[in-house]
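Report on the structure given below.
Just so it is clear, none of the values below were taken in a lab; they were calculated from the coordinates. Worth saying up front: this structure is predicted, and the values here are computed from it rather than measured. Every residue, glycine as well, gets a Cβ built from its backbone with ideal geometry; the counts of neighbours run over all protein chains shown.
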Amino acid sequence: MRTAEIIRNTNETKIRVSINLDGTGKQSINTGVPFLDHMIDQIARHGLIDIEIECDGDVHIDDHHTVEDIGISLGMAVAKAVGDKKGLTRYGHSYVPLDEALSRVVMDFSGRPGLDYHVPFTRALVGRFDVDLIREFFQGFVNHALVTLHIDNLKGINSHHQAETVFKAFGRALRMAVTPDPRSEGVIPSTKGVL
C-alpha cells in the first residue's frame, strides 16, 4: 500500500495529514475551515484516496495560512506516497460537470512544480470562504508534490459549483495519474529515466 503521514508544525498551523493512494475514498477531515473540509472530501471520494487531516490553525486571523499549509502538507504526503514513481501512469486528466459548471484538470507527475490556474469565480465568497484561497491551496500542493497542474473552469455561474467541479476533477485526475500501469512496472515513465 502506498501510504504516507506528514506532520507539519509552524507558528501558524499544526497539521497532520495521512493518505493511502490505494484506498477507497475514506476520509476524516477537520481543518477548521468547513468549506475546505467539503472540498477535500471531494478529492478523497472521487480520487479513491483515503485522507485523514487534522489541523489547528490561526483561523481567528483568517483562513489563509490553514488553506495554504494544508495544500503544502497534502502535496508532501502525495510525493512521499508516490515514491520513486516507477510504474506510475504519471499523467491524469478529468472533466467534471455540476449542473451549469464544468471544470477540467490535467496533471503530470513531472518532478517540476507548475500551476496554470484559470477559475473566473462569479463571486468572491462561498459562505465565509474566500475563493482566492483555492489557488493558494493548489500552489502549495504543486510546490511540494512536484507536479505540473492545469486547472480550468470552463463554465459556471454558481461559485460553489465552480469550486466543487475543480476539486472533483482534481481528485479524478490525481487518481488516474497515481494509478500503477502494469505494462510499465518498475520503469520510470520518462525518456530521461528520472522524474
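Assuming R0 = 45 Å, can you tell me the calculated FRET efficiency for the pair residue 184 and residue 155, based on Cβ-Cβ distance, to the nearest 0.05? Provide the component values of the computation, followed by the final result.
On the way: r = 35 Å, r/R0 = 0.79.
Efficiency, rounded to the nearest 0.05: 0.80.
Give me 118, 93, 38 ranked fewest to most by other Cβ atoms within 10 Å of their Cβ, as a rough exposure proxy. Write down the numbers at each step before the final one.
Details: 118 11, 93 15, 38 18.
Going from sparsest to densest Cβ surroundings: 118, 93, 38.
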**Request:** With Cα Rg over 2.2 N^0.38 Å in mind, check [x] 0.97; [y] 1.43; [z] 0.91 and report the label derived from this structure.
**Result:** [x]
**Request:** Could you name the aspartates and glutamates whose alpha carbon sits less than 17 Å from that of residue 85, not counting residues in the same chain fewer than 8 places away?
**Result:** 22, 108, 181, 185
**Message:** Give the aspartates and glutamates reachable from residue 168 as a straight Cα distance under 16 Å; neighbours fewer than 8 places away on the same chain don't count.
**Reply:** 37, 41, 50, 99, 100, 152
**Item:** Cut-off 14 Å (backbone N to label point 7 Å along Cα→Cβ of residue 64), residues of region 133-164
**Value:** 133-137
**Prompt:** About the Cα centre of the chain, what is the dipole size in debye to 20, counting +1 per Lys and Arg Cβ and -1 per Asp and Glu Cβ, all else neutral?
**Reply:** 840
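How much length, in nm to one decimal, is gained on full extension between residue 192 and residue 11, taken as 0.36 nm per residue of separation minus their Cα-Cα distance? Spell out each step's value before the answer.
Working: separation 181, 0.36 × 181 = 65.16 nm, distance 3.98 nm.
Extra length available between residue 192 and residue 11 comes to 61.2 nm.
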**Request:** Calculate how steeply helix 132-145 sits against the longest principal axis of the alpha-carbon atoms of the chain, using the helix alpha-carbon long axis, and give the answer as 0 to 90 degrees to the nearest 10.
**Result:** 20
**Asked** Can you list the aspartates and glutamates whose alpha carbon sits under 13 Å from that of residue 80, skipping same-chain ones fewer than 8 residues off?
**Response** 5
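Just from its helices, what would the mean residue ellipticity at 222 nm be for the chain, if runs of 4 or more DSSP H residues each count -39500 (n - 2.57) and the sum is divided by every residue, rounded to the nearest 500 deg cm²/dmol? Could you put the intermediate results ahead of the total?
Working: 4 runs with 67 residues, N = 195.
Helix-only estimate at 222 nm: -11500 deg cm²/dmol.
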**Message:** How tilted is helix 34-47 with respect to the longest principal axis of the chain? Cα atoms for both, answer in degrees (0 to 90, nearest 10).
**Reply:** 30
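Give me 105, 147 sorted ascending by neighbouring Cβ count inside 10 Å, so fewest comes first.
Values: 105 25, 147 28.
Fewest-to-most Cβ neighbours within 10 Å comes out as 105, 147.
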**Prompt:** Mean separation of Cα pairs under 8 Å and 6+ residues apart, divided by the residue count of the chain: what relative contact order is that in percent?
**Reply:** 27
**Request:** In Å³ and rounded to a whole number, note down the convex hull volume per residue for the Cα atoms of region 142-195.
**Result:** 110
**Prompt:** Do the alpha carbons of any pairs in 86/192; 26/155; 14/86 sit beyond 21 Å of each other, and which pairs?
**Reply:** 26/155; 14/86
**Request:** Could you go through region 118-129 in sequence order and give the Karplus-derived ³J(HN,Hα) for each residue, using 6.51 cos²θ - 1.76 cosθ + 1.60 with θ = phi - 60°, rounded to whole Hz, and x for Gly and Pro?
**Result:** 9, 10, x, 4, 7, 8, 7, 10, 10, x, 9, 7
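Ranking 51, 61 by Cβ neighbours within 10 Å, fewest first, what do you get?
Arranged by neighbour count, lowest to highest, 51, 61 become 61, 51.
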